[in-house]
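Take a look at the structure set out below.
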Amino acid sequence: CAVSGRASFGVASVEASARFGVDGAMLSLFGVVQLGTYAAAQIPAGLLLDRLGPRRMMVLGAVTMAVGQVLLAFATDVPTALVARLLTGVGDAATLISVVRLIATWFPTTQVPVFTQLATMIGQFGQAVAAVPFLALLINAGWTAAWGSLAFLLVFSVLLVIAIVQDEPPGEPGAAPTPVTRPGQVLKDVFTSRAAWSGFFLHWMCLVSVNAFLFMWGVPYMTSLGIGPAEVGTLLTVNVVIMVGLGPLIGVVTGRFPDRRPLLGWIAGSVLTVTWAATLLVPGQMTAWQLMPLITAMAIGSATCSVGFDLARTGVPRRAIGTATGMVNIGGYSASLVAVLLIGVVLDLRTGDGAAELADYRVALAFQGLLMVCAGIGLWVTTRRRRQDIPAPQHT
């Protein structure tokens, strides 16, 4: 439900431009606000998670996102819509890190990568919700009905969390309560961890171009290629299906070969870089089938980014897992924020007051390569000398 709320604005960007009367740079501001808030809230959300527990944080996050969807459903001006996306980003920040913390608490250490991938895989069906039923509702029933449906999904998820989720397995009778750790100590645990920084850059490299595409610029770019709405929805759904198939496999490899986790990031980053370059260099229009390699590469990136969470999880004490997960999340989403804004600025510089054409999108999207290079440098620096600093998982 959180992913559907997160990804929905990307498929509604054309309608949002018409509803609010905004150009490319202003349209990108919606993505910047959402992703920026999401990234900025990760550390505070992680600290609250380590103190309050995942159940409460999931409820708070879903309620906040639902309020954001309702507000956007009735928004008719840009400031109100930006506040709505801000609330979406704040609520979303609490969700994934809570799920990762739950998995680390409930499952044996060697199984955590697999269950993290399974949870992420299930979550990505929210992208399919945004791409197919939400988009269909948006086109046929209108703006208010479409965003109201997302609010309903989030309220439903709150009821499920309250009814089902428990923070941890039942403890031994008479077991001593877990001592409360000072936030300063948790932050020190996280920001001095070489493994956590490796996870940060791996997450960045795997997700930056994926999020910029899915959250904002994918639908306009595919439209400029001459791909219709039905085919766009199909491509985004295929992206989810491929990611679902790859996720468990990557989870198994991660758990079985923990010393090869950075290599998985390098493979995914290389596939994304080469595929983006090849796609943007193809002259003229493209069919949906010709875009399949890019859709597949982005699915590989989405599936591999969770390896960053596992790097951070095994590199910090248990008391700091929530905050470390939030730090890794900052990597991919802060870079995505910059990518969304950068693409919008380049488009406006090239088009002025005119409509963007295919050549403009190709040039603007190519600037993502700068951010990929920065992520690669960061991952190389944090893993090149002392790979033994990235510890293998230990049974607890």
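Worth pointing out:
- Hey, Gly251 open to solvent by less than 10 Å² (accessible area, probe 1.4 Å) and either touching a strand residue (DSSP E or B) at 6+ places or on another chain (Cβ under 8 Å) or at pLDDT below 85 (or both) or not: yes
- Scope segment 279-326; condition in a loop (DSSP other than H, G, I, E, B), more than 19 Å from Ala196 (Cα to Cα) and of a type in the set (A, V, I, L, M, F, W, C); matching residues: Val282, Met286, Ala288
- Near pairs, Cβ below 7 angstrom, 6+ apart or cross-chain, from segment 49-65 (without any contact (Cβ under 8 Å) to a residue 12 or more places away in the chain) to any residue that is assigned to a helix (DSSP H, G or I): none
- Index of the failed condition, Val22 passing every other in (1) open to solvent by less than 60 Å² (accessible area, probe 1.4 Å); (2) in contact with a Phe, Trp or Tyr (Cβ under 8 Å, 6 or more places away or on another chain); (3) modelled with pLDDT under 85; (4) not hydroxyl-bearing (Ser, Thr, Tyr): (2)
- Residue count for segment 42-70, restricted to those that are open to solvent by 20 Å² or more (accessible area, probe 1.4 Å) and modelled with pLDDT under 90: 7
- Yes/no for Phe74 being open to solvent by 20 Å² or more (accessible area, probe 1.4 Å) and out of contact with any helix residue (DSSP H, G or I) (no Cβ under 7 Å at 6 or more places or on another chain): no
For (1) surrounded by 13 or more Cβ atoms within 10 Å (Cβ to Cβ); (2) assigned to a helix (DSSP H, G or I); (3) among the acidic types (Asp, Glu), each residue gets a yes or a no:
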site	(1), (2), (3)
Thr116	yes, yes, no
Ile122	yes, yes, no
Ala128	yes, yes, no
Ala131	yes, yes, no
Ala136	yes, yes, no
Ala145	no, yes, no
Ala163	no, yes, no
Asp167	yes, no, yes
Pro170	no, no, no
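The values are calculated or read from the model by the stated rules, or taken from the named source; none is laboratory data. What you are looking at is a predicted structure, and each value in this text was computed from that prediction instead of being measured. Every residue, glycine among them, receives a Cβ derived from its backbone with ideal geometry; neighbour counts consider all protein chains shown. Heads up: the accessible areas ignore ligands, DNA and RNA and are worked out on the full protein's heavy atoms, side chains in. Shrake-Rupley method; radii C 1.70, N 1.55, O 1.52, S 1.80 Å.
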